[in-house]
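What follows is one structure encoded as structure tokens, with my remarks underneath.
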There are 2 protein chains.
Amino acid sequence: MSETGTGRREATVSDVARVARVSKATAARALGDYGAVSDAVRDRVQKAADELGYRPNALARTMSTGRSNTLGIIIGDIENPFFAKATRGAADVAAEAGYDLILSNSDEEPSVEAKAVAVQLAKQVDGLLIAPASSLEPGNLQPVLDAGRPLVLFDRTVPGVDVDAVITDNRAGARQLTELMLDAGHRRIAFISTLAHDGAFRAGEELSSSAVADRVIGFVETLAAAGIAHPESFVHLNARRDGVDVLAARLLDGEAAVTAIIASDSLIALAVFKAAQERGVLIPQQLSLAGFDDAPWMSLTTPGVTVVEQPIHEIGAQATRTLLHRIRGDGRPPETTVLPQTLVERGSVAAPPED
Amino acid sequence: MSETGTGRREATVSDVARVARVSKATAARALGDYGAVSDAVRDRVQKAADELGYRPNALARTMSTGRSNTLGIIIGDIENPFFAKATRGAADVAAEAGYDLILSNSDEEPSVEAKAVAVQLAKQVDGLLIAPASSLEPGNLQPVLDAGRPLVLFDRTVPGVDVDAVITDNRAGARQLTELMLDAGHRRIAFISTLAHDGAFRAGEELSSSAVADRVIGFVETLAAAGIAHPESFVHLNARRDGVDVLAARLLDGEAAVTAIIASDSLIALAVFKAAQERGVLIPQQLSLAGFDDAPWMSLTTPGVTVVEQPIHEIGAQATRTLLHRIRGDGRPPETTVLPQTLVERGSVAAPPED
DNA sequence: TGCTAGATTGAGACCGGTCTCAATTCGTTT
DNA sequence: AAACGAATTGAGACCGGTCTCAATCTAGCA
């Protein structure tokens, strides 16, 4: 009641102990709810704590127990709906288990990611969830392994780093979308991703996101199986987010024009849809469009956008469950959980226009 | 190089000191980059640290310095694009200043929020950013004040709690949208929000979100000024997210049908747009629609959706800047920063249909 | 009533840093 | 060469909890 003391130092276990006339150890036991304390003393301590407005210091606890009840999560960008959903999935599972989340955005920059990893480790997170900025360089993950801290990757794997991962079947999803286009009669189909990559994509080249890599593989192999020549020439990377419209425009006319586009995420699908609309290109009559990741607006447009959907919330949730298992000391060999992608057909795919 | 020791305890300052043959105090000075250390010793310590794979323990540092370089942010739901953007704004400013973010979702539940506040305080955050779940009960914020920890509210204020806040001019925004509708000739205009509220809205009632309250005030006063009777009867709250379609359907036909709808956020606008589409109600010919918060898809639909836009990223960024000032000891009296809302006209508002 | 197992309590080390204060070393000046 | 101030270093307390281990207390049973 009389807690108005502005400059007053926060009450500690010792303070409470003094007021309750017990030892620090006993007060700590009563407050921390561990060890054995008689009911009488417990009440007395609790009363003293209330009176003093005692608020525990979780860091001090972590110092001695070694457990922080905090997880780190490093993602590309929380504004990206994919990461927002996955983060929510992670936060839900974490909260349920009494854990908090420290969030870092890497902007898909390995250097930023490296710094985030260092900070999170310094803050003694009990485990880390990372959507790695690069599937090619395991370097950023090494400190986590060195520190012996549990680590679960999600959305992407990093070959060579033997840890748990939760991903979806991107290759199958890409195959499905590509087949859908082929079945509709398309032969010139573009795949667009914003993934940064040096120069144009060439067959066999490794990509810095295993998720995109898997999609590209599924796309290329399906085209190849259908007898399409140089399928990799239809893969367009480096479509910087604000440049998707430019790329789309280029793909929509000229002699190299395609009749179908597969967008590697919902933001790209949106940009393509807009570009087509602005240029008066009718979907699906003149251009077929399909993409990865469902978004609420996709059933709003005319036509709706056909996509393969990922259980994004579940990716984050499952990754966190796995992480918690590891924290609790599950010693099984690391495994990669692959969740399914499911096709949601709307109206954006149709037969290509007649010449 | 030889860091493969799996069970090996993490190296500490003392370990480094021993290897570098200096005192713990000196090693700490060299590693922590404070105090004075000779160059020779600094190098020797650094070498020892590298050799041992020394990684600092930020919590131990916090224990003695009292500074955690961590901010807490408590929002409704990170999946909501509004909060995702604001959080990104906060994270950017925080990262720039060397701070991390601990994230909690309150789901707009005061009880969940209360728990989040307690946990964040226990984790010794240097300050808190909160989009308060309730503008009516200051109870949840009291512990923050008691703990003497800097606090900045955003999106909503809590009358009676004298702290900094960053909001936008919702009343003006609502006025603008309402006038737009009135000018187009509408007389029956509905305002829809998902804000939970007991029973139907009555004039003068207080709402648990000051943001929505301000919008309602702007809406109602503008209708009243136009001579519309019982303007508050056009306010529809409690539109639970999945019930917006039902409500919209109800507003679209029957004798109580409205000719225009103002949606209190982009998710509601989407639901209304969809409901209209599904029922074959043409926008803007049969129904005019406008809303708060811009979203990428709003320029995709036919017609585009007219909105007042808030500088959401900046809300989070500005709130964090203010918080950092307070942490650094700015003693000025708390102030509420009001950012402008700007009208973005697209095609979703037109004259009401003739009877 | 005496004795012992079990429950309760207290004392103090410990986690890994920072920081104060005193001791030591060094470079200069006279 | 002695003396002085500045720079560097070391010793140890401290932050606020937890936890081990020993001391004390209580109750049950012979």
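The values are calculated or read from the model by the stated rules, or taken from the named source; none is laboratory data. Computed from a predicted structure; not experimentally measured. When we count neighbours, we look across all protein chains shown, and the Cβ atoms used for this are built from the backbone with ideal geometry, even at glycine.
What number of residues in segment B:117-155 are charged (D, E, K, R) and either within 14 Å of the chain's Cα centre (by Cα) or more than 20 Å from B:L59 (Cβ to Cβ) (or both)?
At the first step, the residues of segment B:117-155 found to be charged (D, E, K, R) are B:123, B:126, B:137, B:146, B:149, B:155.
Now narrow it down to the ones that are either within 14 Å of the chain's Cα centre (by Cα) or more than 20 Å from B:L59 (Cβ to Cβ) (or both): B:137, B:146, B:155.
Selection size over segment B:117-155: 3.
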Quiz prompt | Scope segment B:191-210; condition surrounded by fewer than 24 Cβ atoms within 10 Å (Cβ to Cβ) and of a type in the set (A, V, I, L, M, F, W, C); matching residues | solution = B:L195, B:A196, B:A200, B:F201, B:A203, B:L207
Exercise. From B:G98, B:G139, B:G148, grab the single residue that is out of contact with any Ser or Thr (no Cβ under 7 Å at 6 or more places or on another chain), surrounded by fewer than 20 Cβ atoms within 10 Å (Cβ to Cβ) and not in a helix (DSSP H, G or I).
Key: B:G98
Quiz item: Taking interchain pairs and intrachain pairs at least six residues apart, which have beta carbon atoms under 7 angstrom, with the first residue in segment A:115-135 and away from chain B (no Cβ under 13 Å) and the second among the acidic types (D, E) and not in a strand (DSSP E or B)?
Solution: A:A131/A:D155; A:A133/A:E108; A:A133/A:E109; A:A133/A:E113
Exercise. Just give me the residues in segment A:59-85 being more than 10 Å from every other protein chain (Cβ to nearest Cβ) and closer than 13 Å to A:F154 by Cα, in sequence order.
Key: A:I74, A:I75, A:G76, A:F82
Exercise. Collect the residues in segment B:230-265 that are outside any helix (DSSP H, G or I), within 23 Å of the chain's Cα centre (by Cα) and aliphatic (A, V, I, L, M), keeping them in residue-number order.
Key: B:L237, B:A239, B:I262, B:A263
Practice problem: Give just the number: which of (1) touching a strand residue (DSSP E or B) at 6+ places or on another chain (Cβ under 7 Å); (2) modelled with pLDDT under 95; (3) not aliphatic (A, V, I, L, M) does B:H186 not satisfy? | Solution: (2)
Exercise. Would you confirm whether any residue within segment A:171-185 is crowded, with 22+ Cβ neighbours inside 10 Å and part of a loop (DSSP other than H, G, I, E, B)?
Key: no
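Filter segment B:266-278 for residues that are more than 25 Å from the chain's Cα centre (by Cα) and among the hydrophobic types (A, V, I, L, M, F, W, C) and give the result.
From segment B:266-278, those more than 25 Å from the chain's Cα centre (by Cα) are B:274-278; that's our starting set.
Scanning segment B:266-278 gives B:A275, B:A276.
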Exercise. Filter segment A:24-52 for residues that are under 45 Å from the mean Cα position of the chain (by Cα) and within 8 Å of DNA strand C (Cβ to nearest atom) and give the result.
Key: A:K24, A:A25, A:T26, A:A27, A:A28, A:R29, A:A30, A:G35, A:A36, A:V37, A:R42
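Listed residues B:R21, B:R55, B:R67; which is of a type outside the set (S, T, N, Q), surrounded by fewer than 18 Cβ atoms within 10 Å (Cβ to Cβ) and more than 10 Å from DNA strand C (Cβ to nearest atom)? Break it down stepwise before answering.
On the way: B:R55 fails: more than 10 Å from DNA strand C (Cβ to nearest atom); B:R67 fails: more than 10 Å from DNA strand C (Cβ to nearest atom).
Going through B:R21, B:R55, B:R67 in turn, just one is of a type outside the set (S, T, N, Q), surrounded by fewer than 18 Cβ atoms within 10 Å (Cβ to Cβ) and more than 10 Å from DNA strand C (Cβ to nearest atom): B:R21.
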Quiz prompt | Unique residue being within 10 Å of another protein chain (Cβ to nearest Cβ), within 16 Å of DNA strand D (Cβ to nearest atom) and more than 29 Å from B:N80 (Cα to Cα) when the list is A:G53, A:G98, A:G32 | solution = A:G53
Quiz prompt | Hits in segment A:101-114 - residues which are in contact with an Asp or Glu (Cβ under 8 Å, 6 or more places away or on another chain), more than 9 Å from every other protein chain (Cβ to nearest Cβ) and either free of Cβ contacts under 8 Å to residues at least 40 places away in the same chain or of a type in the set (A, V, I, L, M) (or both) | solution = A:S106, A:D107, A:P110
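What are the residues in segment A:189-201 that are over 20 Å from A:L270 (Cβ atoms) and out of contact with any strand residue (DSSP E or B) (no Cβ under 9 Å at 6 or more places or on another chain), if any?
The first filter runs over segment A:189-201 and keeps only residues over 20 Å from A:L270 (Cβ atoms), leaving A:197-201.
Matches in segment A:189-201: A:H197, A:D198, A:G199.
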